[in-house]
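The values are calculated or read from the model by the stated rules, or taken from the named source; none is laboratory data. Being a predicted model, the structure only gives us computed values, none of them experimental. Here Cβ is always computed from backbone atoms with ideal geometry, including for glycine, and neighbour counts include all displayed protein chains.
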Amino acid sequence: MSAASSLFRHSSEAAGGGPVRALARVGIVAACILAAGCNREQQAATPPAGAVRPQVSVVTLHPRAVAITAELPGRVGASLTADVVPQVTGIIKARLFKEGTEVKAGDGLYQIDPASYQASYDSAVATLQKDQAAVPSAQAKVDRYQTLIKQNAVSSQDLDDARSTLAQAKADVAAAQAALETARINLDYTTMKAPIGGRVDASTITEGALVSSGQSTALTTIRQLDPINVDVTESSTNLLNFLAAVKSGRIKTTGSDVSVKLKLENGTIYPHPGTLRFMEANVNQTTGTFTVRAEFANPDRLLLPGMYARAILEVGLAQNSFLVPQRAVSHNVKGEATAGFVGSDGKVVQRVLSVQRSVGNNWLVDAGVSDGDRIIVEGIQLVRSGQEVAATEVTVDDATGDIRQLSQSSALDKPAGAPAPARVE
């Protein structure tokens, strides 16, 4: 039996069986029960005074000088490269170097059989001696005829013939000297020498091989590795943006002496800084990029031609700039960069930011923030604009983007406004 029917039965019995009065009493009791249930639901829906506010992590922003750097992809290349090819034809008698070692300019590399070239040299020496021997006789004849012509003992034609013979003898001597020099050069070419200093590659031929003068196949290659070059590419669009920022005063250039750092394939930073050597004066029509070359010292031969690397160029300094952690920034339906802030009243405020470029794990922002603003870096998904929150001060690691408690951060020891090295993507 239900409580309502039991109540109706007891009420009927107490009232002497009057049905109208019993129904009225049942209605009053039901209304009281419903009212009590509504009160309990209302109390459950209304938070009690002093309820816990949502927790968010914030970073306090301050303006500082930001070193603007460009990280560009590139390839390592030798500063000098020389292909070793024979200048004379002959048989290779000996290889005079050890493959893969360092050689100096002028060191012998290959020995070509010099026998035929030595014979040509000796022949040229003999020819020169013969031609030189004819000059004194021709000179004496000319001198004698010059004396006799004054006595009309010889004709002018005889004197002219003597002079012609002397000139021919001297010309023969000059030709013989040139032939001797050619023979000497060819004989010297039989010892193939290193045109530059550097590391020599493997040999493409062995002893006993026949090589030809001017052949297209190099016998080996020498590459100078210290110093060494790194050629990187940059888009013309980024160049235009940078020049516009410089012109507007947002970025101050570092001048012509641009320092360059190098990030290797394994992520480590090369220990020796480099210098910017030149920028191409034309843009590739296919890729829309131009080449920038930097030079690095390479005493340990750590860098080798063909390696992939990323050059970090310090191109300018942005004064009084704000770095906003990337994890704090999102985008609205319009594509605008937005972030949540905790105001002085402890409530959440959403703002639109003007982002210039990425700087490491931060955004370089020039509008939408001011000194002392507290930007939310964690917990923004759990709150809404105008909601009162409990803010905990933290720091964000510029290198990794990870959040660290303020008490555990070394960033507290850094003075406000200190330059922050940065990377521009």
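Annotations for the structure displayed:
- Filter result for the condition that a residue is in contact with a helix residue (DSSP H, G or I) (Cβ under 9 Å, 6 or more places away or on another chain) and modelled with pLDDT of 85 or more, over ALA339, ALA328: ALA339
So that you can scan it fast, the table gives a plain yes or no per residue for (1) within 60 Å of the chain's Cα centre (by Cα); (2) free of Cβ contacts under 8 Å to residues at least 24 places away in the same chain:
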{"residue": "LEU128", "(1), (2)": "no, no"}
{"residue": "GLN132", "(1), (2)": "no, no"}
{"residue": "SER164", "(1), (2)": "no, yes"}
{"residue": "ASP172", "(1), (2)": "no, no"}
{"residue": "ALA179", "(1), (2)": "yes, no"}
{"residue": "MET192", "(1), (2)": "yes, no"}
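- Being of a type outside the set (Gly, Ala, Ser), surrounded by 14 or more Cβ atoms within 10 Å (Cβ to Cβ) and at negative phi is true of VAL355.
- Condition met for ALA311 (under 15 Å from VAL59 (Cα atoms) and surrounded by 13 or more Cβ atoms within 10 Å (Cβ to Cβ)): no
- Comparison of ILE228, ILE185, ILE196 shows that the only residue that is within 30 Å of GLY100 (Cα to Cα), among the β-branched types (Val, Ile, Thr) and outside the structural domain of ALA124 (by TED's automatic domain parsing) is ILE228.
- Residue in the range 383-391 that is at pLDDT below 85, aliphatic (A, V, I, L, M) and outside any strand (DSSP E or B) present: yes
- Set GLY255, GLY274, GLY249, GLY316: member being modelled with pLDDT of 80 or more and either surrounded by 15 or more Cβ atoms within 10 Å (Cβ to Cβ) or out of contact with any strand residue (DSSP E or B) (no Cβ under 6 Å at 6 or more places or on another chain) (or both): GLY274
- Pairs linking a residue in the range 295-306 that is farther than 14 Å from ARG75 by Cβ and in the same structural domain as VAL230 (by TED's automatic domain parsing) to a residue that is in a loop (DSSP other than H, G, I, E, B) and charged (D, E, K, R), with Cβ atoms under 6 Å and 6 or more positions apart or on different chains, do not occur.
- Subset tally (residues that are of a type in the set (S, T, N, Q), under 11 Å from VAL142 (Cβ atoms) and surrounded by fewer than 14 Cβ atoms within 10 Å (Cβ to Cβ)) for the range 153-171: 1
- Among (1) under 33 Å from the mean Cα position of the chain (by Cα); (2) not in a helix (DSSP H, G or I), the one test that ARG327 misses: (2)
- Which listed residue, of ALA174, ALA140, ALA133, is surrounded by fewer than 18 Cβ atoms within 10 Å (Cβ to Cβ), in the same structural domain as TYR110 (by TED's automatic domain parsing), of a type in the set (A, V, I, L, M, F, W, C) and modelled with pLDDT of 95 or more: ALA174
- Test result for THR400, of a type outside the set (Asp, Glu), modelled with pLDDT of 80 or more and either loosely packed, with under 11 Cβ neighbours inside 10 Å or part of a strand (DSSP E or B) (or both): no
- Test: ILE376 is at negative phi, touching a strand residue (DSSP E or B) at 6+ places or on another chain (Cβ under 7 Å), of a type in the set (A, V, I, L, M, F, W, C) and not assigned by TED's automatic domain parsing to the domain that holds LEU264: yes
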